[in-house]
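J.: A single structure is presented below for examination.
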Amino acid sequence: MDNRFANMFNLTEDYAITLLKKPLEELEDKSERYVAASHLINFPTERSINALIETIEDLNPDMFHRIARRKAVESLGRLNARNALPIIQKCLTDEDSYTVENAVWAIGQIGTDDEQILSAIANLLEQPEQSYRLIIQTLAKFDYQPALEKIEPFKDSDDEPIASAAITAIARLTGDYSQMGKVVEFLQHTSVNARRLSIQDLIDAEYYQAIPAITKAPVSVAFRLRGLRLLAQNAIASGKMTFAEVEPYLETVIRDHPQDLEMVHEYDQKPSWDFLLRELYQTDFGRCYLGTQTIVEEHAATAPNALIENYHQEGRSDYGAHYHIVKILGWFKYQPSKEIILEALQNRQPQFQKSRAAAALALGELGATDTIPLLKEALTTSIFDLKYAALLALEKLGDNTGWSLVAEDPDLLIRSKAKSIMNNR
């Protein structure tokens, strides 16, 4: 679980519990109860768990309390509070669909083999306006065979993420993976949500055969890399693939060049420079990659200076555009961008993590041998893509010692890459 932002309110356990218990009308801001329910995940104590349970048992219909109740259910899941299962189970019949959704999620986190709970979750598939995708995923996670008949109709849902989850669940529950190709096809859907969520389904199914298709999917590198890592690690550990087979796909994703993707968007007319620049700020990375590809192919002469200007105006504060700008400047081998790239390499803000890996690769493209010590320092972080990118950059810069720093790395793929470099020296 990613807890990088969990403690941002800096509340003590006592104060968070006090806020939960205080009547809404006495709070300075009614949203404080939600904040308190969220914050108690930092305190895995009986007091915190009991306070969250009491919050759920309070059926005050006020909107601000209902929102806090939902969060309390989620927090109990994050705390893995097994003794809270009975109260969470009651939430499966709540009239608030968001509370029901959080209850299903929390049970999925805590785990159960209680037939009564699992049957109640399966029955939600017959009720309107529920979070069907999450429900289906949870039932498959628990290998709940009696749910198969209820899941079956959802494989033809018009909602692609729901259909994807259903196809995956059926494969997991029956052992018949012959329909998983339909989930792979969602990687090229025009909906970015369908593309992203199909990767999670392929992970859940441990469908390592999808690695080549995931590599080409036009979604954020974070989604592709997560899918590839989990599938590759399982495939290597089980003897179904070797690192040598995985390595080309892994490096293609780490380098993240648009020429290696299968685009789902296209331009119906020649885009202006201003339009292409705005493409780098899109939340659909399929659009970002098409814009990036067009910039690289058609604007090599004018793009570098314009990108640097935009970086200083707004790009440095938008983590998506920041990432794409750093990559493009590296591919152009534009030496005046070195200061920006070095700044990106050393940016430790969590949301700019992708840019650090992009910067490592860009320094390799610039031939910046003077940055070898910094790239070696990057190998000491716990960030997978940064370490892997640093290894690739060091190779490109002619350093043949960096691999030794990660030869015993806890990550299988990093260790395997170090061994690969050593064997190719």
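The values are calculated or read from the model by the stated rules, or taken from the named source; none is laboratory data. Quantities reported herein were computed from a predicted structural model and do not represent experimental measurements. Every residue, glycine among them, receives a Cβ derived from its backbone with ideal geometry; neighbour counts consider all protein chains shown.
J.: Those residues that are in a helix (DSSP H, G or I) and either among the aliphatic types (A, V, I, L, M) or surrounded by fewer than 19 Cβ atoms within 10 Å (Cβ to Cβ) (or both), I need them from the stretch 279-292; list them, please. Before the answer, list the steps.
T.: Step one: list which residues in the stretch 279-292 are in a helix (DSSP H, G or I), which gives 279, 285-292.
Passing the criteria: only Leu290.
J.: Hey, another quick one. Among Ala171, Ala140, Ala147, which is the only one that is buried (at least 18 other Cβ atoms within 10 Å of the Cβ), farther than 19 Å from Glu262 by Cβ, of a type outside the set (S, T, N, Q) and out of contact with any Leu (no Cβ under 7 Å at 6 or more places or on another chain)? Break it down stepwise before answering.
T.: Details: Ala140 fails: out of contact with any Leu (no Cβ under 7 Å at 6 or more places or on another chain); Ala147 fails: out of contact with any Leu (no Cβ under 7 Å at 6 or more places or on another chain).
The unique qualifying residue is Ala171.
J.: Only one residue in Ile341, Ile372 is surrounded by 24 or more Cβ atoms within 10 Å (Cβ to Cβ) and β-branched (Val, Ile, Thr). Which one?
T.: Numbers: Ile372 fails: surrounded by 24 or more Cβ atoms within 10 Å (Cβ to Cβ).
Criteria check complete, one pass: Ile341.
J.: Select from the stretch 112-133 the residues that are touching a Leu at 6+ places or on another chain (Cβ under 9 Å) and small (Gly, Ala, Ser) and write down the one among them that is nearest to Arg82 (Cα to Cα).
T.: Here is the first cut: in the stretch 112-133, the residues touching a Leu at 6+ places or on another chain (Cβ under 9 Å) are 112, 114, 117-118, 120-125, 130-133.
With small (Gly, Ala, Ser) added as a condition, the list becomes 120, 122, 131.
Numbers: Ala120: 17, Ala122: 20, Ser131: 23 Å.
This residue is Ala120.
J.: Tell me which residues, restricted to the stretch 175-206, are of a type in the set (Phe, Trp, Tyr) and assigned to a loop (DSSP other than H, G, I, E, B). Working first, answer last.
T.: Going residue by residue through the stretch 175-206, those that are of a type in the set (Phe, Trp, Tyr) are 177, 186.
Of everything in the stretch 175-206, just one residue is of a type in the set (Phe, Trp, Tyr) and assigned to a loop (DSSP other than H, G, I, E, B), namely Tyr177.
J.: For residues that are among the small types (Gly, Ala, Ser) and over 25 Å from Gln233 (Cβ atoms), scanning just the stretch 363-405, find the one that is modelled with the lowest pLDDT.
T.: Gly398
J.: Also: Among the residues of the stretch 396-409, count how many are in contact with a Gly (Cβ under 8 Å, 6 or more places away or on another chain) and either charged (D, E, K, R) or in a helix (DSSP H, G or I) (or both). Talk me through it step by step, then tell me what you get.
T.: Initially, the stretch 396-409 is screened for residues in contact with a Gly (Cβ under 8 Å, 6 or more places away or on another chain), giving 396-397.
Remaining after also requiring either charged (D, E, K, R) or in a helix (DSSP H, G or I) (or both): 396.
Going through the stretch 396-409 one residue at a time, the tally reaches 1.
J.: Does any residue of the stretch 322-331 turn out to be more than 23 Å from the chain's Cα centre (by Cα), under 20 Å from Val246 (Cβ atoms) and either surrounded by 23 or more Cβ atoms within 10 Å (Cβ to Cβ) or assigned by TED's automatic domain parsing to the domain that holds Thr292 (or both)?
T.: Scanning the stretch 322-331, I find no residue that is more than 23 Å from the chain's Cα centre (by Cα), under 20 Å from Val246 (Cβ atoms) and either surrounded by 23 or more Cβ atoms within 10 Å (Cβ to Cβ) or assigned by TED's automatic domain parsing to the domain that holds Thr292 (or both), so the answer is no.
J.: Residue check: is Asp385 assigned by TED's automatic domain parsing to the domain that holds Asn347, among the acidic types (Asp, Glu) and buried (at least 18 other Cβ atoms within 10 Å of the Cβ)? Walk me through it before giving the result.
T.: Working: assigned by TED's automatic domain parsing to the domain that holds Asn347: yes; among the acidic types (Asp, Glu): yes; buried (at least 18 other Cβ atoms within 10 Å of the Cβ): yes.
For Asp385, the condition - assigned by TED's automatic domain parsing to the domain that holds Asn347, among the acidic types (Asp, Glu) and buried (at least 18 other Cβ atoms within 10 Å of the Cβ) - is met.
J.: From the list Leu250, Leu231, exactly one residue is among the aliphatic types (A, V, I, L, M) and within 18 Å of Ala358 (Cβ to Cβ). Which is it?
T.: Working: Leu231 fails: within 18 Å of Ala358 (Cβ to Cβ).
From the options Leu250, Leu231, the qualifying one is Leu250.
J.: For the structure I just gave you, tell me whether Glu262 is within 22 Å of the chain's Cα centre (by Cα), at pLDDT 95 or above and surrounded by fewer than 20 Cβ atoms within 10 Å (Cβ to Cβ).
T.: Details: within 22 Å of the chain's Cα centre (by Cα): yes; at pLDDT 95 or above: yes; surrounded by fewer than 20 Cβ atoms within 10 Å (Cβ to Cβ): yes.
Judged against the criteria, Glu262 is a match.
J.: I've got another one for you. Residues that are touching a Cys at 6+ places or on another chain (Cβ under 8 Å): list the helices (runs of 4 or more DSSP H) wholly contained in the stretch 12-130 that include at least 3 such residues. Spell out the reasoning first.
T.: Values: elements: 13-21, 32-39, 46-57, 63-78, 85-90, 97-110, 115-123.
Because the criterion is at least 3 residues that are touching a Cys at 6+ places or on another chain (Cβ under 8 Å), the helices (runs of 4 or more DSSP H) in the stretch 12-130 that meet it are 97-110.
J.: Also, I was wondering about something else. Of all residues in the stretch 232-256, how many are assigned to a loop (DSSP other than H, G, I, E, B) and surrounded by 17 or more Cβ atoms within 10 Å (Cβ to Cβ)?
T.: Here is the first cut: in the stretch 232-256, the residues assigned to a loop (DSSP other than H, G, I, E, B) are 238-242, 256.
Checking the rest, the ones that are also surrounded by 17 or more Cβ atoms within 10 Å (Cβ to Cβ) come to 241, 256.
Counting residues in the stretch 232-256 that are assigned to a loop (DSSP other than H, G, I, E, B) and surrounded by 17 or more Cβ atoms within 10 Å (Cβ to Cβ) gives 2.
J.: Another one. Name the residue, out of Ala360, Ala393, Ala407, Ala378, that is free of Cβ contacts under 8 Å to residues at least 60 places away in the same chain and surrounded by fewer than 22 Cβ atoms within 10 Å (Cβ to Cβ).
T.: On the way: Ala360 fails: surrounded by fewer than 22 Cβ atoms within 10 Å (Cβ to Cβ); Ala393 fails: surrounded by fewer than 22 Cβ atoms within 10 Å (Cβ to Cβ); Ala378 fails: surrounded by fewer than 22 Cβ atoms within 10 Å (Cβ to Cβ).
After applying the criteria, what remains is Ala407.
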